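Here's the structure, in C-alpha cells; my notes come after.
The values are calculated or read from the model by the stated rules, or taken from the named source; none is laboratory data. Nothing here was measured: the structure is a model prediction, and the numbers come from that model. Cβ placement follows ideal geometry from the backbone for every residue including glycine, while neighbour counts extend to all protein chains displayed. Ligands, DNA and RNA are stripped out before the accessible areas are found, and what is left, the full protein with its side chains, is counted by its heavy atoms. Shrake-Rupley method; radii C 1.70, N 1.55, O 1.52, S 1.80 Å.
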Amino acid sequence: MIDLSKITYRAIISDGFGRQHNVEEFIENLGWEENENEISVRLSFTVRNHKIAKEYLSGLITPGCLVGVFASDGGLLDQEVARGYVEKWNAVRQNDGSTLKCTCYDELYRLQKSQENMYFPSGTGTQSAINGILDGCGIRKGDYRGPNATHGKLKFNNNYLSDVILELLDDAAKKGQGKYLIRSAGGETCVLPRGSNETVYVFDSENTVSVSETLDISNLVTRVKVIGQAEDEGKSSAEASLDGLTQYGVRQRIYTRGSDESIQDAKSAAQEILNEKGNMIRGLSVQSPDVPWVRKGDLVYLMAGIATGYFYVKSIRHDADTCRMTMDVEAAEQEIVSNQNVVPEKSYEVGDVVNFHGGTHYFSSYPGARGYAAGAGPAKITQKDGSGKAHPWHLIHTDGSSNVYGWVDDGTFD
C-alpha cells in the first residue's frame, strides 16, 4: 500500500552538453497530462531562474532539451513518471527576478505534428504498419503487445501519423481484437492492451476528493447501414442494416463495404460501430490525491459513492504542486459469455503454462465478479482458489497473443 503523504517529486533536465541537473529545488507549477484524443504526454512547469553550474537555468534549459519527472513513495517505488522535450520556452523578467515557463512533449509528439500520405495494401498487419511508421520517424520501439489484425486496403491523404496509428488500432478493434493504446515510457514506445497495468489502484471515499458524473446521448448511433461498392454509374445499394437503441430516434451511420471485404465482415464491423457508439455515454471525473504512476489506459477500482467498480482511465492530469490528480474514466466492459464450467480432465498447478481458449476473465474468483473479454493464447497459472469459487484459476498471459490477466473458469484452458 502506498503512503500518499510520503510521495515526493523531482525534475531532472539534460542540457545541450549531455549534463544532468536536478532542479526540484527551483521548480513550481509542475504538472503533466495525457488527454483522450492525443498520444503524447504534455509536461509543463515554471522554474526560478537561478544559477546552476555557473549558468542560469534559462541558459541550461533550451528548446529541445529533455526534462524527466521522477516520483518516490519513500519506499520501494522510485521511478520516472513523465518526460518531455521542451517545445515552448518563455522567459519572464520582472523587477524582483525572473522565471522560465516551459511546455514539453514526449517522443510521440512528432507523430501528432507530422502529416503523410500513406497506402497500406490489403493484407497488411497492424504491427507491421505501426512499426513502419515508428521506424520512419526514428522513434525507439519498446514492448509490442498490441493487435495484429489483417487490414483491408487503407489509404491516408495528408493525415497526421498519430491519427493513422489510432485508425489502425481502431480498425483492429472493429475486427474483434480488443482495445489497445500506444504510449511512450522511458523513451520507448509501447503498444499495450488497455487495462494491462499489473497494479490496480483502489480509490475509496477516504482517498477521493470528488466524483462528477454526466450522462450523454448527443453522439449516439442507433442504426448502421452497410453500403456496397458503387456501380459504374455511381449508385450504391444497401446490403444490411443493424439497429441499436432506436427508442432515442434513428441516428444513422453509414459503413461502406470494402471491395475485398465480405458482407459478413462488413456486418461485423458495423456491429462494432454499434458496440462503440450505440450506448449512452456515462462520463465520470474523479479527483483524488496524486498517484504519480497512474497513466491513461490503466485499470483502476473505484468505491466512491456514485462510482463503484472497475474503470479505465480515459485521460489524466497530475498536479505535483497540490499533490492531486484528476481522472476521466469509463466503466470496464462486462462481456456476457456462455461458460461451460467443465472440470478439466487433468490436474493443473500454480506455475503451469497453459493454452487459454479465449472468453472472459474476471476481477475476482467470486460469483458475480465483473468480467471482460480476453483473447486466446498461452498463459501462466499464478493462483488457484480451491474453495469452490466460481472462477477458480488466475491466469496471466505469457506473450502478446492474449491479454488474459485475471480469474477464469474451469475448462477454459488446456
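For the reader, a short list of remarks on this structure follows.
- Pairs beyond 32 Å (Cα-Cα), from Lys54/Lys88; Lys155/Lys380; Lys101/Lys179: Lys155/Lys380; Lys101/Lys179
- The tail of the calculated P(r) for region 241-317 beyond 15 Å holds 68 percent of all Cα-Cα pairs.
- Alpha-carbon centroids, region 196-246 and region 352-414: separation in whole Å: 27
- Of all aspartates and glutamates in the structure, those lying under 15 Å Cα to Cα from Lys267, and not within fewer than 8 positions of it along the same chain, are Asp171, Glu239, Asp243, Glu276.
- Percent breakdown of C-alpha pair distances by 10 Å bin, ordered from the shortest bin, for region 113-164: 23, 56, 21
- Charged-residue dipole, Cβ positions (Lys, Arg, Asp, Glu), the chain about Cα centre, Debye nearest 20: 720
- Taking the square roots of five times each eigenvalue of the Cα gyration tensor of the chain, the equivalent ellipsoid has semi-axes of 40, 30, 21 Å, listed largest first.
- Amide H contacts under 5 Å for Gly31, placed H, 5+ residues apart: Ser44, Ala320
- Helix-derived mean residue ellipticity, 222 nm - over the chain, DSSP H n ≥ 4, -39500 (n - 2.57), to 500: -3500 deg cm²/dmol
- Leu154 - accessible surface, heavy atoms, 1.4 Å probe, Å² rounded to 10: 30
- Degrees, to the nearest 10: 263-277 long Cα axis against longest axis of the chain: 50
- The share of C-alpha pairs in region 224-281 whose separation exceeds 19 Å stands at 31 percent.
- Near the amide H of Thr360, within less than 5 Å, lie the amide hydrogens of Ala374, all on another chain or at least 5 residues away, with H placed in the peptide plane.
- Under-5 Å amide H pairs with Cys137, H placed in peptide plane, nonlocal only: none
- In Hz, Karplus ³J(HN,Hα) per residue of region 237-243 (6.51, -1.76, 1.60; θ = phi - 60°; x = Gly, Pro): 10, 6, 10, 6, 9, 10, 9
- Only Lys, Arg (+1) and Asp, Glu (-1) charged, at Cβ; region 169-312 dipole about Cα centre in debye: 220
- Tail fraction, Cα-Cα pairs, region 145-220, threshold 21 Å, whole percent: 53
- Taking a quarter of the surface of the Cα convex hull of region 153-295 gives a mean projected area of 12.5 nm².
- For region 222-300, the fraction of 1.4 Å probe accessible surface lying on carbon and sulfur atoms is 43 percent.
- Length-normalised contact order of the chain in % [C-alpha pairs under 8 Å, at least 6 apart]: 12
- Geometric extent, Cα atoms of region 6-53 - Rg, Dmax (angstrom): 13.1, 40
- Evaluating kT/(6 pi eta Rh) at 37 °C and 0.692 mPa s, with the Kirkwood radius of region 28-159 over Cα pairs in the Stokes-Einstein relation, gives 185 µm² s⁻¹.
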